[in-house]
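Every number in this text was worked out from the coordinates using simple rules, so none of it is lab data. All values derive from a computational prediction rather than experimental measurement.
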Amino acid sequence: MAEKRKVIVKINGQDYTVIGEESEEYINHIANYIDSKMKEIINKNNKFSQSMAAILTAFTITDEYYKVKLDLEDLKEEIKEPLEELDRIKNENSELNIESKKLKSERDEVREELYNVKKENDKNSILAKDLKDSLQLKEKELEESEKMINGLQNKLFENQVELIKIKKELEELKNEYDK
C-alpha cells in the first residue's frame with residue numbers, strides 16, 4: 001500500500017490540507033489547475049460567492065472530465081475493432097503456419113501412401129475380376145433362390161387357403177353333427 005501524504009495547497013487564497021497517495025508535485029499540480037479555473041470563473045463575474053465559484057469550478061472541471069472521458073471511450077471504441085482484427089490476423093497467421101507444416105507432412109505421407117496404393121491397386125484389379133465373376137455366380141444363385149422363395153410363398157398361401165376351407169368344412173360338419 002502506498003504511503004499517504006499530507007500536502008497544504010492554496011486555492012483562491014485559502015489553504016486546504018489534502019491527504020493522498022500521489023506525489024506532492026501531482027497534488028500541487030491539481031490544486032493549481034483548480035485555482036486557475038476558479039480564478040477564471042471569478043474574473044468573468046466577480047459577484048460570485050466563494051461557494052458559488054467553487055461549485056461552478058467543480059461543474060466546469062467535471063464537464064471537461066466527462067468530455068475527455070467520452071473522447072477516450074470513443075477512441076477506445078475506434079481502436080477496439082482494429083485491435084481485434086489485428087489479434088484475429090495474428091491468430092490466423094499462427095494457425096496458417098501450423099496448418100502449412102501439417103499439410104507438408106501430410107503431403108509426404110500421401111505420396112508414400114499413393115505409391116503403396118498403386119501397388120495395392122494392381123493386386124486388387126486381379127482380385128476384383130475374380131470377385132466380379134463370383135458375384136455374377138451369386139446373383140444367379142440369388143435369382144434362383146428368390147424364384148424358389150416365391151414358389152414356396154405361393155404354396156404357403158395356397159395351403160393357408162386350403163386350410164381355411166378345411167376349417168370351414170370341419171366347422172360345418174361339427175355343426176351338423178351337433179344337431
Margin query: What percentages make up the Cα-Cα pair-distance distribution of the range 135-179 when the bins are 10 Å wide from 0?
Written below: 25, 25, 20, 15, 10, 5, 1
Notebook entry, point to check: Can you tell me the Rg and Dmax of the range 94-179, counting just the alpha carbons, in angstroms?
Noted result: 32.9, 99
Checklist line | Proximal lysines relative to Lys37, as straight alpha-carbon distance under 25 Å, when same-chain residues fewer than 8 apart are discounted | finding: Lys6, Lys10, Lys47, Lys67, Lys69
Check: How big is the gap, in Å, between the Cα center of the range 71-109 and the Cα center of the range 24-63?
Finding: 49 Å
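Could you give me D for the chain, from Stokes-Einstein at 10 °C and 1.306 mPa s, where the hydrodynamic radius is the Kirkwood radius over C-alpha pairs? Units µm² s⁻¹, please.
In µm²/s, the coefficient rounds to 55.
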Notebook entry, point to check: If the cut-off is a Cα-Cα distance under 22 Å, which lysines reach Lys119, setting aside same-chain residues fewer than 8 apart in sequence?
Noted result: Lys129, Lys132
Checklist line | Inverse of mean 1/r across different Cα pairs in the range 1-96, Kirkwood, Å | finding: 16.8 Å
